[in-house]
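Notes to accompany the following structure.
Just so it is clear, none of the values below were taken in a lab; they were calculated from the coordinates. Nothing here was measured: the structure is a model prediction, and the numbers come from that model. Note: ideal-geometry Cβ built from the backbone for every residue, glycine included; neighbour counts use all protein chains shown.
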Amino acid sequence: MHSNNYTLGFVFIVTVILGTLLSFTKENVRDLQEYNLKADVKKNILRSLNFVETESEPWSNEVVERIFNKNVQAFCVNTNGDFVDCILEEVDTERNIEVLPVYLKVVDNKTEGIAVPVAGKGLWSTVFGYIALEPDTDTVLGIQFYKHGETPGLGGEVEKAWFTNNFVGKKIRSNDDKVIGIEVLKGKVDSSNPYSMHQVDGISGATVTGKGVGSFLKEDLGRYESYFNKVRADGTI
Amino acid sequence: MELFNSESKKIINDPINVNNPISLQVLGICSALAVTIRLDQAIIMTLAVIFVLCSSNVILSLIRDYIPSRVRIVIMLSVIASLVSVVDELLQAYLYDMSKQLSVFVGLIITNCIIMGRAEAFALKNGPSKAFLDGLGNGLGYGMIIIIVSFFRELFGAGTITLPDGGAGYVLFSIPEAWYAAGYENIGLLVLSPGAFFILGLVIWTQREIFGIEEGE
């Protein structure tokens, strides 16, 4: 049996060595990890804007960077729809409600889509995503959820194509032109219902996640209403 | 000691065949169910487990005479947890897409009973080179099973075979559209966890038949 001092000393030394090893590793790979995270966010913006990854050119970080720089214009607006200065990478898309990032898809000098970040509570976690609209600021071009901690197989299905594809072509404005977002139903959409263009099928077993998605879409898109109205009034962006 | 005398061979071969950690000792089942949806995930997971298992075995075997037995479990856990964290950080840096798909299951290698089990049962009682071979053998035994399971789950569940390529995976083979047009359907159940149980059960049965292992003698 070893003495208490020996045991304590041994544990202390092992802890110091392992701690050093861990911080050394982290220090060496931190930049690369942050770069990956940023590229991943850009990748999701591109996907929501309906850019399609081709087999001949898979989306490595460099390719994503190139397409993004070439075809996406990024800036910020405020809740009145006026341009404001911002550092996009520092905008907190979950909490910040004053500075609103906007990503425009511009192909051959023609604006083809407007993507904005959305985020809010699901069941267990905050769900982060991007929703893109066509230039009419009404029709959904695409939606992507890229970060969440929902139950895999239930709420986690929000990131799957079968769910996000249902949003494409839906309308976020009501008949009197208010931004009302998209409602995620419990169950299937009844297409005979005139309201069905604002609704998508829910995920079985994930009613709360669906409700959360619906409510944060409404809230987050609502903050952009003034900007969307300006875009629509001007006809230009 | 010689590296490839009959004893060393036995240390490597046993966990692959007659004493396989998954199919015969039934350890590490949770990760075997979770990361076997796609072949590329299973391959990367296997490499991660082999790395952690070999390193933890060697490190613990090197310091086995100095570890106070009262705190040996704590020491084993901290060594294993540190190694797993290193693997997790490296995956996030160099194989980002893969690390997103494997998500928590890389971190959960810490709780994989195979690793603690080998440390306690083997590494603390044997020299570093034997411990290394034991880690390699058990890692390969684990890998062999999850690779077989994931191959069938992906092929019949999703209709593809994907190899790891540093990005989102290289699709080596996918079932031709014409088959689907002719009425072929993927078995959706295999993509879910119960599907892994069915395949795993068949693998265990086959392996016990081959090696003539009987239960409860």
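Points to keep in mind about this one:
- Net +/- balance of residues flanking B:Ala123 in space, Cβ distance below 10 Å, scoring K and R +1, D and E -1: +2
- Efficiency of FRET from Cβ geometry, A:Asp190 and A:Phe12, R₀ 56 Å, rounded to 0.05: 0.25
- Qualifying chymotrypsin sites (Phe, Trp or Tyr not before Pro) in region A:173-237, where qualification requires a DSSP coil assignment and no more than 11 other C-beta atoms within 10 Å, are lacking entirely.
- With Cα atoms, 0 to 90° folded angle of helix B:39-62 axis to chain B main axis: 0
- With 0.36 nm allotted per residue and the present C-alpha distance subtracted, the A:Ser23-A:Lys160 stretch has 45.8 nm of extension available.
- Among B:Leu47, B:Leu172, B:Leu189, residue whose mean-square fluctuation peaks in a GNM of chain B (springs only between Cα atoms under 10 Å): B:Leu172
- Alpha carbon convex hull of region B:10-210, projected area averaged over orientations, nm²: 11.9
- Listed residues B:Leu190, B:Leu60, B:Leu108, most fluctuating in chain B (Gaussian network, C-alpha, under 10 Å): B:Leu108
- Region B:10-210: relative contact order in percent, alpha carbon pairs under 8 Å with at least 6 residues between: 35
- When Rg and the Kirkwood Rh are both derived from Cα coordinates, the Rg/Rh ratio for the protein assembly as shown amounts to 1.05.
- Computed [θ] at 222 nm, helices only, for the protein assembly as shown once each DSSP H run of length n ≥ 4 contributes -39500 (n - 2.57): -15500 deg cm²/dmol
- Among A:Ser192, B:Ser56, sorting on how many other beta-carbon atoms sit within 10 Å of each Cβ, with the fewest leading, yields A:Ser192, B:Ser56.
- Tail fraction, Cα-Cα pairs, region A:154-197, threshold 11 Å, whole percent: 73
- When A:Trp162, A:Trp124 are sorted by how many other C-beta atoms sit within 10 angstrom of their C-beta, beginning with the fewest, the order is A:Trp162, A:Trp124.
- Volume per residue of the C-alpha convex hull in region B:99-217, rounded to whole Å³: 175
- The length gained on full extension between A:Ile97 and A:Val208, counted as 0.36 nm times the residue separation minus their Cα-Cα distance, comes to 37.6 nm.
- Working note: Debye formula, equal point scatterers on the alpha-carbon atoms of region A:47-234, no solvent; log10 I(q)/I(0) at q = 0.12, 0.17, 0.19 Å⁻¹ is -0.58, -1.17, -1.42.
- Compared with the dominant Cα axis of chain B, that is its longest principal axis, helix B:193-211 is turned about 60°.
- Chain B: most fluctuating residue of B:Pro194, B:Pro68, B:Pro21 per GNM, C-alpha cutoff 10 Å: B:Pro68
- Separation in nanometres of the label points that stand 7 Å from Cα toward Cβ, at B:Phe211 and B:Tyr170: 3.3
- Cα gyration tensor category, rounded, prolate or oblate, for region A:184-237 with a/c compared to 1.5: oblate
- The gain in end-to-end length when the B:Val104 to B:Phe198 segment is fully stretched comes to 31.5 nm, 0.36 nm per residue minus the alpha carbon separation.
- Spin-label proximity, B:Leu189 to region B:27-44 - amide N less than 20 Å from point 7 Å beyond Cα toward beta carbon: B:33-38
- Chain B: angle of helix B:128-153 to the longest principal axis, Cα-based, in degrees nearest 10: 10
- Model label points for B:Tyr180 and B:Leu163, set 7 angstrom from Cα along the Cα-to-Cβ axis, are 2.4 nm apart.
- Lys, Arg +1 and Asp, Glu -1 on Cβ, resulting dipole of the protein assembly as shown about Cα centre, debye, nearest 20: 780
- Amide H to amide H, with H built 1.01 Å from N, A:Val127 comes under 5 Å of A:Gly120, A:Lys121, A:Gly122, counting only residues 5 or more places away or on other chains.
- Stokes-Einstein, applied to the Kirkwood radius of region B:84-139 over Cα pairs at a viscosity of 0.890 mPa s and 25 °C, places its translational diffusion at 196 µm² s⁻¹.
- Computed from the C-beta positions of A:Ala74 and A:Asn109, the FRET efficiency with R₀ = 22 Å rounds to 0.85.
- Near A:Lys42, once Lys and Arg are set to +1 and Asp and Glu to -1 for all other residues with Cβ below 11 Å from its Cβ, the sum equals +1.
- Histogrammed with a bin width of 10 Å, the alpha carbon distances of region B:1-104 distribute as 12, 34, 37, 16, 1 percent, first bin at zero.
- Highest average packing first - B:29-39, A:78-88, Cβ atoms within 10 Å: B:29-39, A:78-88
- Between A:Glu57 and A:Ser3, the FRET efficiency from the beta-carbon distance, with R0 = 51 Å, is close to 0.20.
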